[in-house]
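This report concerns only the one structure given below.
Every number here is computed from the coordinates shown, using simple stated rules; none is lab data. Here the structure is a predicted model, which means the values were calculated and not measured. All Cβ positions, glycine included, derive from the backbone under ideal geometry; neighbour counts span all protein chains shown.
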Amino acid sequence: MFMDHIVLNADDEYLLMDFYMNVIGLEPDRLDLYRQGEVPFPSVRINADTIIDIFPKKMWAQNSAQAKGRPNLNHYCIGFSHDQWEALRGRLEKAGVEIFRGPEDVWGAHGQGISIFFHDPEDNIVEAKYYVE
């Protein structure tokens, strides 16, 4: 098994896409098709197995089952190599994104790792982790 995707509801899907592409460093997936109106939402790719779908407001605003702000997600974590993690910290600082927790030793899918926590533009909490080998 593997994690296939997560979905983030966005008030401004372009702002969120820009953050995940230019600050986090993820590659866009279907963004051009979304801009052309050929698909209902864009995504960013974490790796070959996992994407983050960015749902525009028109997809969730009228559906209470997909409403924004449900308290069932505390945060999610993206794993990085140490070098990628250090580069991310630099991009976060350059973008003026506050790291509100960490760096600290936190348990994850591969055991203990070093994590920082910050908010994306839609106020989702993102944990960025690397594992010491």
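Hey, can you grab everything whose amide H is under 5 Å from the amide H of N9? Only 5+ residues off in sequence or another chain; H modelled, so Pro and N-termini drop out.
F55
Using r as the Cβ-Cβ distance of E86 and D4, and R0 as 30 Å, what FRET efficiency do you calculate, to the nearest 0.05?
0.60
When the chain is modelled as a GNM with alpha-carbon springs shorter than 10 Å, which of E27, E122, E38 fluctuates the most?
Ranking E27, E122, E38 by mean-square fluctuation puts E38 first.
Between Q62 and A109, what FRET efficiency follows from the Cβ-Cβ distance if R0 is 35 Å, with the result rounded to 0.05?
0.50
Starting from the Cα of R101, step 7 Å along the direction of its Cβ; do the same at C77; then give the gap between the two resulting points in nm.
1.1 nm
With charges only on Cβ, +1 for K and R and -1 for D and E, what is the dipole size of the chain about its Cα centre, in debye, rounded to 20?
300 debye
Size of segment 1-61 along its principal axes in angstrom, Cα-based, largest extent first?
31, 25, 20
Residue by residue, what Karplus-based ³J(HN,Hα) values in Hz, rounded to whole numbers, does segment 102-112 have, using 6.51, -1.76 and 1.60 with θ = phi - 60° and x for Gly and Pro?
Karplus-based 3J(HN,Hα) across segment 102-112 equals x, x, 8, 7, 9, 5, x, 4, 10, x, 6 Hz.
If one puts a single equal scatterer on every Cα of the chain and applies the Debye formula without solvent, what log₁₀ I(q)/I(0) results at q = 0.18, 0.21 Å⁻¹?
Values, matching the q order: -1.07, -1.38.
From the phi angles alone, apply the Karplus equation (6.51, -1.76, 1.60; θ = phi - 60°) to segment 83-97 and give each ³J(HN,Hα) in whole Hz, x where the residue is Gly or Pro.
Couplings: 5, 4, 5, 5, 5, 4, 4, x, 5, 4, 4, 4, 7, x, 8 Hz.
Whole-Hz ³J(HN,Hα) for each residue in segment 53-60, computed from phi via Karplus 6.51 cos²θ - 1.76 cosθ + 1.60 with θ = phi - 60°, x for glycine and proline: what do you get?
Computed from phi, the couplings for segment 53-60 are 8, 10, 8, x, 3, 4, 8, 10 Hz.
C77: net charge of surrounding residues, Cβ under 9 Å, Lys/Arg +1, Asp/Glu -1, itself excluded?
In short, 0.
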